[in-house]
Amino acid sequence: MFFFKEYTHQILVTGILLIVLIFLRIIADKLIRRYAKTSQILEHRANLVIKYVHIFINLFIIISLIVIWGVQTKDIFITISSITTVIGVAMFAQWSILSNITSGMILFFSFPFRIGDTIKIHDKDFPIEAEIEDISAFHVNLKTKDGEKIIFPNNLLLQKGISIIPAHYDEKEFFD
């Protein structure tokens, strides 16, 4: 009983914060799905963005809970900076993974092309003309006219010039 008397304020604010967490996740989920529907974006890409947003919201709530329960602010900053430094050093060699995830998010929101579009990637050494089969968080699956499958990283896709080639239809005369 002593615990509840001593920490009534923290328990109350924690409960409110957990309710806010639930509402933030629901609102973010609905907003992203609505945007995906109006932009005709695939559901699995919307789910990927929702997952990233939920991780960000969860981290914000965890930091808020740490502050509410009385951890000193300087201790939080020291811990966060230490963790960030370790992750930064560990991920330095893996920058391309982070770059591809970020590029996947940019492709999700700007979405200049869709699955089924034929694109030409302007690379002076290896120009590619292929149809987009799938777009994932890390790469785009392409298929050339010869049937060759190419997996192209998202970050390179944003760095290279790209032309979207319109679908060619043979004009035929129809007779009744």
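The values are calculated or read from the model by the stated rules, or taken from the named source; none is laboratory data. Predicted model only: the values in this text are computed from it and were never measured. Note that each Cβ is placed from the backbone with ideal geometry, even for glycine, and that neighbours are counted across all protein chains shown. What goes into the accessible areas is simple: the full protein's heavy atoms, side chains included, and nothing from ligands, DNA or RNA. Shrake-Rupley method; radii C 1.70, N 1.55, O 1.52, S 1.80 Å.
Restricting A93, A130, A137 to those that are surrounded by 13 or more Cβ atoms within 10 Å (Cβ to Cβ) and at pLDDT below 80 reduces the list to A137.
Please go through segment 32-58 and pick out each residue that is open to solvent by 100 Å² or more (accessible area, probe 1.4 Å) and assigned to a helix (DSSP H, G or I). Within segment 32-58, R34, K37, T38, E43, K51, F56 meet the criteria.
Taken together, the residues in segment 140-155 that are at pLDDT 85 or above and surrounded by 16 or more Cβ atoms within 10 Å (Cβ to Cβ) amount to 5. When restricted to residues that are buried (at least 16 other Cβ atoms within 10 Å of the Cβ) and touching a Ser or Thr at 6+ places or on another chain (Cβ under 8 Å), segment 98-127 contains 2. Collect the residues in segment 59-79 that are surrounded by 15 or more Cβ atoms within 10 Å (Cβ to Cβ) and β-branched (V, I, T), keeping them in residue-number order. Within segment 59-79, I61, I66, I68 meet the criteria.
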